[in-house]
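The values are calculated or read from the model by the stated rules, or taken from the named source; none is laboratory data. Treat the numbers as computed from the prediction; the structure is a model and nothing was measured. Cβ coordinates were reconstructed from backbone atoms using ideal geometry, including for glycine residues, and neighbour counts include every protein chain displayed.
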Amino acid sequence: MSTDVLAAVAAEPGVPKPNPILVVDDVRRTFGGLVAVDVRHLEVERGTITSLIGPNGAGKTTLFNCLTGFDRPQAGYWAFDGHRLEGRFAYQIPRYGLVRTFQLTKALDRLTVMENMLLASRGNRGERLLGALLRPSWRHTEDAARQRAERLLETFELTRMGHDLAGTLSGGQRKLLEMARALMTEPAAILLDEPMAGVNPRLRQTLCEHIEGLRDGGLTVFLIEHDMDVVMGISDWVVCMAEGNVISEGPPAVVRADPAVVDAYLGSHDGLAPVDERESHEDETS
Amino acid sequence: MDVLNVFLDAIRVAIGPQAAVFALAGVGLNLQFGYAGLLNFGQVAFMLAGAYGASMTVDAGGPLWLGILVGMAAALVVAMLFGLPALRLRADYLAIVTISVGEIIRLLVRSSTLEPVTNGVFGYRDFAAWFYAINPIPAGRYGVGNLAFPARTLWLIVVAWTLVLLASLLVLGLMRSPWGRVVRGIREDEDAVRSLGKNVFMYKLQALALGGLMGALAGSLRAIDSQAVRPDFFLTITTFMIYAAVILGGAGTIIGPTIGAMALWFVISFSEGLLRLGIESGVIEFLDPEDVAAIRFMIVGLALILLVVFRPQGLAGKPEAGLLDEH
């Protein structure tokens with residue numbers, strides 16, 4: 001659906017989008033001498049599935065960590081839905097409608113599936129220490145959260161497991177739970193860090209359908225993924241990073257055919273391309 | 001018959017003031033460690049705050065009840081000293097900070113420089129007359145045989161276990177609330193909770209402070225029980241003993257710290273009594289009476305090891321809670 005919106009957008013790194021929900025500028029994160037992330041300009045179109053690809057060590061997860069307050073870049077700024085988010089703490093980010101998941105699934109094992117969901121609800125009055133003992137003061141928000149949680153669990157086919165401890169779920173179910181739980185925060189965009197990692201092929205299809213369902217429901221999905229079949233199948237737009245830079249972006253077929261992308265992947269194996277990349281990068285920054 | 005007396009003695013200790021003090025400090029530690037996952041190795045510093053708050057206030061001419069409140073206020077300061085530097089860091093840093101700040105506080109209190117303020121190594125004595133003066137229980141001895149308490153001890157026991165009950169009910173209520181859900185979530189994975197929009201630092205600080213208040217109350221009770229306070233009552237070993245009680249009973253359960261404190265003191269007292277009995281009656285020939293104090297702690301250690309191997313969730317814990325830790 002949203003591919004139409006992006007049809008007129010040129011496939012080049014840093015290209016402006018018609019209606020971006022996330023705009024990243026000059027974000028730079030270094031670890032000692034290593035430049036992990038150095039993104040000049042990146043826009044993510046609202047209501048699309050945008051995939052972030054790139055070889056290992058390209059800085060994808062570091063970029064996600066910076067955007068969501070889990071890491072601090074040395075420089076740069078970014079705006080989500082018109083709100084500047086640099087310098088915000090990780091716990092403040094979801095309030096702006098931006099939520100993330102993790103590469104290694106973080107189910108809260110010794111809480112039940114339902115508790116995992118309820119914990120993520122917004123504005124729950126019973127979460128304040130003062131008043132936590134006064135059930136009538138928070139029953140209303142708790143009931144509302146429970147209703148939302150029940151709807152989401154049904155969507156993700158986890159209703160049966162509601163009372164089970166999250167630690168007893170299978171790997172795929174934990175991915176589903178993490179996604180459903182993130183949606184409890186009522187986000188406008190969700191950042192998924194390798195949603196397919198450790199998920200069996202049969203469930204991948206289900207997960208893809210869920211992700212497309214989120215997009216069709218109006219959510220923006222920005223995801224890191226290594227499975228190229230998945231990326232090519234569900235993405236409206238693909239962004240490729242290498243050595244911390246955005247080296248290519250465009251529709252899936254265009255990015256796949258981009259020589260710079262091919263170089264980045266192959267180069268990372270035989271060690272040829274990264275040398276060129278690094279030299280050109282140093283020219284630009286010095 | 002002697003074995004029966006040893007047993008009754010052990011029961012007396014298990015329901016006595018010492019066990020209640022451990023249970024109350026344990027309920028606080030359990031809130032921090034068992035529910036919030038905070039490695040607080042300085043619980044004894046909260047007890048010191050409670051004990052010195054009470055005794056110093058009385059020494060300065062104030063009433064004891066005010067002193068207990070002063071002790072709780074001091075515990076909040078200790079919670080800040082523990083939490084502000086270390087709660088933003090990984091869990092193990094909190095362990096290092098609490099153990100060292102706790103020792104620093106004790107060493108400051110016992111230093112000769114601060115002796116004009118704290119009475120140094122001598123501490124305070126006989127400051128709890130008010131508590132025993134308001135004892136409504138008529139003088140006398142209550143109970144049978146070795147399992148009996150004088151009225152003043154019974155009064156302290158009633159007050160102390162009532163406080164343990166109230167603290168346990170408070171924790172129960174909190175853990176059933178959304179606040180408790182967030183706190184338990186932090187124990188499982190604080191980054192996940194942070195990513196869902198919760199101010200993890202604030203919750204950890206609240207849990208640390210609340211558990212510290214219970215530790216301070218326990219410290220006040222301990223001071224009232226012995227009518228004496230000295231810095232060296234508050235060595236780090238006490239924190240570890242409270243940990244032993246919490247883990248024995250079941251960390252992350254409501255009743256665990258109470259069961260654990262009772263069990264701990266029962267095992268300590270019963271093993272000591274049996275050993276002494278054995279030595280006196282000549283059954284045990286290879287031990288000296290002065291070895292007994294050390295050996296009973298070895299027995300506690302052995303009991304803990306066996307428990308961790310065969311029942312990791314503790315006496316009161318549910319089996320699945322222990323099993324889940326394995327993956």
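Annotations for the structure displayed:
- Of residues in the stretch B:172-199 being surrounded by fewer than 23 Cβ atoms within 10 Å (Cβ to Cβ) and among the aliphatic types (A, V, I, L, M), the one nearest to the other protein chains (Cβ to nearest Cβ): B:LEU174
- Looking only at the stretch B:89-116, and only at residues there that are closer than 24 Å to B:VAL183 by Cβ and among the aliphatic types (A, V, I, L, M), the one that is surrounded by the most Cβ atoms within 10 Å (Cβ to Cβ): B:LEU94
- Qualifying residue in the stretch A:139-152 (condition: in a loop (DSSP other than H, G, I, E, B) and surrounded by 16 or more Cβ atoms within 10 Å (Cβ to Cβ)): no
- Residue in the stretch B:229-243 that is closer than 21 Å to B:THR153 by Cα, buried (at least 21 other Cβ atoms within 10 Å of the Cβ) and more than 14 Å from the chain's Cα centre (by Cα) present: yes
- Just so you know, in the stretch A:213-229 the residues that are under 19 Å from A:LEU67 (Cβ atoms) and of a type in the set (A, V, I, L, M, F, W, C) include one that is surrounded by the most Cβ atoms within 10 Å (Cβ to Cβ), and it is A:PHE222.
- Check on A:LEU133, within 12 Å of chain B (Cβ to nearest Cβ) and part of a loop (DSSP other than H, G, I, E, B): yes
- In the stretch A:29-45, residue surrounded by the fewest Cβ atoms within 10 Å (Cβ to Cβ) [restricted to those that are farther than 22 Å from A:ILE190 by Cβ and β-branched (Val, Ile, Thr)]: A:THR30
- Any chance A:ARG88 is basic (Lys, Arg), assigned to a loop (DSSP other than H, G, I, E, B) and closer than 25 Å to B:ALA192 by Cα: yes
- Check on A:GLY198, modelled with pLDDT under 90 and on the phi > 0 side of the Ramachandran plot: yes
- Which numbered condition B:SER55 fails, given (1) loosely packed, with under 14 Cβ neighbours inside 10 Å; (2) polar (S, T, N, Q); (3) part of a helix (DSSP H, G or I): (1)
- Within the stretch A:75-98, none of the residues are of a type in the set (Val, Ile, Thr) and in contact with a strand residue (DSSP E or B) (Cβ under 6 Å, 6 or more places away or on another chain).
- For the stretch B:18-42, a tally of residues being surrounded by fewer than 21 Cβ atoms within 10 Å (Cβ to Cβ) and assigned to a helix (DSSP H, G or I) returns 1.
- Condition check for A:LEU85 on (1) within 25 Å of B:GLY180 (Cα to Cα); (2) under 18 Å from the mean Cα position of the chain (by Cα); (3) hydrophobic (A, V, I, L, M, F, W, C): one failure, at (1).
- Just one of (1) more than 24 Å from A:TYR265 (Cβ to Cβ); (2) more than 14 Å from chain B (Cβ to nearest Cβ); (3) touching a residue at least 24 places away in the same chain (Cβ under 8 Å) fails for A:ASN56. It is (1).
- Boolean, A:LEU192 is buried (at least 23 other Cβ atoms within 10 Å of the Cβ), closer than 30 Å to A:VAL39 by Cβ and within 14 Å of another protein chain (Cβ to nearest Cβ): yes
- Within the stretch B:63-97, restricting attention to residues that are at pLDDT 95 or above and of a type outside the set (A, V, I, L, M, F, W, C), the residue that is farthest from B:TYR243 (Cα to Cα) is B:PRO63.
- Within the set B:GLY252, B:GLY211, the sole residue that is in contact with a helix residue (DSSP H, G or I) (Cβ under 9 Å, 6 or more places away or on another chain), within 14 Å of another protein chain (Cβ to nearest Cβ), in contact (Cβ under 8 Å) with a residue 60 or more places away in the chain and on the phi > 0 side of the Ramachandran plot turns out to be B:GLY252.
- Within the option set B:ALA45, B:ALA79, B:ALA86, being over 17 Å from the mean Cα position of the chain (by Cα), under 30 Å from B:LYS198 (Cα atoms) and either surrounded by fewer than 24 Cβ atoms within 10 Å (Cβ to Cβ) or touching a residue at least 12 places away in the same chain (Cβ under 8 Å) (or both) holds for one residue only, B:ALA86.
- Residues considered: A:GLU150, A:GLU43, A:GLU157. Of these, the only one that is away from chain B (no Cβ under 11 Å) and either under 19 Å from the mean Cα position of the chain (by Cα) or under 30 Å from A:VAL246 (Cβ atoms) (or both) is A:GLU43.
- Filter pass, A:LEU203 being assigned to a helix (DSSP H, G or I), hydrophobic (A, V, I, L, M, F, W, C) and crowded, with 20+ Cβ neighbours inside 10 Å: no
- Residues in the stretch A:95-142 that are more than 29 Å from the chain's Cα centre (by Cα) and on the phi > 0 side of the Ramachandran plot: A:GLY131 alone.
- When A:TYR91, A:TYR77 are checked against the criterion of being hydroxyl-bearing (Ser, Thr, Tyr), out of contact with any His (no Cβ under 7 Å at 6 or more places or on another chain) and free of Cβ contacts under 8 Å to residues at least 24 places away in the same chain, A:TYR91 stands alone in meeting it.
- Check on A:ASP26, surrounded by fewer than 22 Cβ atoms within 10 Å (Cβ to Cβ), assigned to a strand (DSSP E or B) and in contact with a Lys or Arg (Cβ under 9 Å, 6 or more places away or on another chain): yes
- Test: A:GLY47 is in contact with a helix residue (DSSP H, G or I) (Cβ under 7 Å, 6 or more places away or on another chain) and in a loop (DSSP other than H, G, I, E, B): yes
- Looking across the stretch A:163-189, the residues that are facing chain B (nearest Cβ under 10 Å), of a type outside the set (D, E, K, R) and in a helix (DSSP H, G or I) come down to A:ALA166, A:GLY167, A:THR168, A:ALA182.
- Residue ID - surrounded by the fewest Cβ atoms within 10 Å (Cβ to Cβ), chosen from residues in the stretch A:71-121 that are of a type in the set (Lys, Arg) and more than 8 Å from every other protein chain (Cβ to nearest Cβ): A:ARG72
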